[in-house]
Amino acid sequence: MIGIRQLFTLDEFREAVALQEAVWGFAERDLVPVRSFVVANKIGGHSFGAFDEDRMVGFLFGIPGFHEPDNAPYIHSQMLGVLPEYRNAGLGRLMKLAQREDALRRRVNLIEWTFDPLEIKNAFFNMERLGAIVRRFSLNFYGPTTSHLHGGLPTDRCVAEWWVNSARAQAIVGGEPFERNPIEARVSVPNNIGELRTEDPAQARAIQQQVSEQFVEYTGKGLAVVGFERSDTHGTYLFGQWESK
């Protein structure tokens, strides 16, 4: 039986660090260390773990922040990882829902995180299972990393905004239909992009550049990703107007 609980102890934080190595294959210099978990826990951040009995098999780590110009508080969800053998079991969603409940309890309305637009499974999860949107896009946000999952590509990133108390998030989290605004643009990513990272890095880079150029263009026009569609060959970002929180 898998359980989700908040992390507080040094031993739990050490387990989360070990999971980073197992999930992403990071070199030591790219790991979030135990001391960062400790500090985050003291200043309003939080960490959650997914446990199979006493074994931690997934974790989530978030830190507090403020947005200018109104200094509105938000949580930056820095990392979420699940061991390969426990993926596709809904653990990521359970941890995100625990994070949402903690944010609502503290009257924090916004949780943000970055994600790779080429990771279309994550995109579907973020848009269609949580109700997040994307209005901002950054080129090579983290610079090069040591993770084999990044395939040596620049770390271009979408910024997911999860307005946890919005009508959109409440409906989608609750499994209810939500009527979005008309779709004005689409950006597609081939389903085999993961294989291309390894087998044909040049083609993967060309696809990444095309996708990134479209994201820069559409977000620059004030459009937001408000949905995501999947087919047998592609995942497609749906851009439209985002008018309210």
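Between a residue in the range 130-141 that is under 12 Å from residue 228 (Cα atoms) and any residue that is polar (S, T, N, Q) and not in a strand (DSSP E or B), which pairs come within a Cβ distance under 6 Å, given they are 6 or more apart or on different chains?
132/126
Can you confirm whether residue 149 is modelled with pLDDT under 95, under 28 Å from residue 209 (Cα atoms) and part of a helix (DSSP H, G or I)?
Taking the combined requirement at face value, the residue satisfies it.
Between residues in the range 41-57 that are closer than 15 Å to residue 23 by Cα and residues that are at pLDDT 95 or above and assigned to a loop (DSSP other than H, G, I, E, B), which pairs lie under 6 Å by C-beta distance while being six or more apart or on different chains?
Every condition considered, the pairs that remain are 49/7; 57/83.
Look through 169, 132 and report the one residue that is of a type outside the set (Asp, Glu), touching a Gly at 6+ places or on another chain (Cβ under 6 Å), at negative phi and modelled with pLDDT of 95 or more.
Criteria check complete, one pass: 169.
Search the range 40-71 for residues being part of a helix (DSSP H, G or I) and out of contact with any Gly (no Cβ under 8 Å at 6 or more places or on another chain), and hand back the single one that is nearest to residue 87 (Cα to Cα).
In this case the residue turns out to be 41.
Which members of the range 72-86 meet the condition of being surrounded by 15 or more Cβ atoms within 10 Å (Cβ to Cβ) and over 16 Å from residue 17 (Cα atoms)?
73, 74, 75, 76, 86
Return a yes/no flag: does the range 87-104 have any residue that is more than 11 Å from the chain's Cα centre (by Cα), surrounded by 19 or more Cβ atoms within 10 Å (Cβ to Cβ), in a strand (DSSP E or B) and not acidic (Asp, Glu).
No: zero hits.
From the residues in the range 105-128 that are in a helix (DSSP H, G or I) and aromatic (Phe, Trp, Tyr), which one is surrounded by the most Cβ atoms within 10 Å (Cβ to Cβ)?
Among them, the one singled out is 125.
On the given criteria, is residue 196 surrounded by 14 or more Cβ atoms within 10 Å (Cβ to Cβ) and in contact with a Lys or Arg (Cβ under 8 Å, 6 or more places away or on another chain)?
No: the conditions fail for residue 196.
Going through 226, 189, 216 one at a time, which residue ends up being of a type in the set (A, V, I, L, M, F, W, C), outside any loop (DSSP other than H, G, I, E, B), under 20 Å from the mean Cα position of the chain (by Cα) and under 15 Å from residue 121 (Cβ atoms)?
189
Of all residues being closer than 23 Å to residue 183 by Cα and among the charged types (D, E, K, R) in the range 200-228, which is surrounded by the most Cβ atoms within 10 Å (Cβ to Cβ)? Just the residue, please.
217
Given 160, 72, 103, 132, which one is of a type outside the set (Ser, Thr, Tyr) and touching a Ser or Thr at 6+ places or on another chain (Cβ under 9 Å)?
160
The values are calculated or read from the model by the stated rules, or taken from the named source; none is laboratory data. These numbers come from a predicted model, not from an experiment. Positions of Cβ are generated from backbone atoms using ideal geometry, with glycine treated the same way; all protein chains shown enter the neighbour counts.
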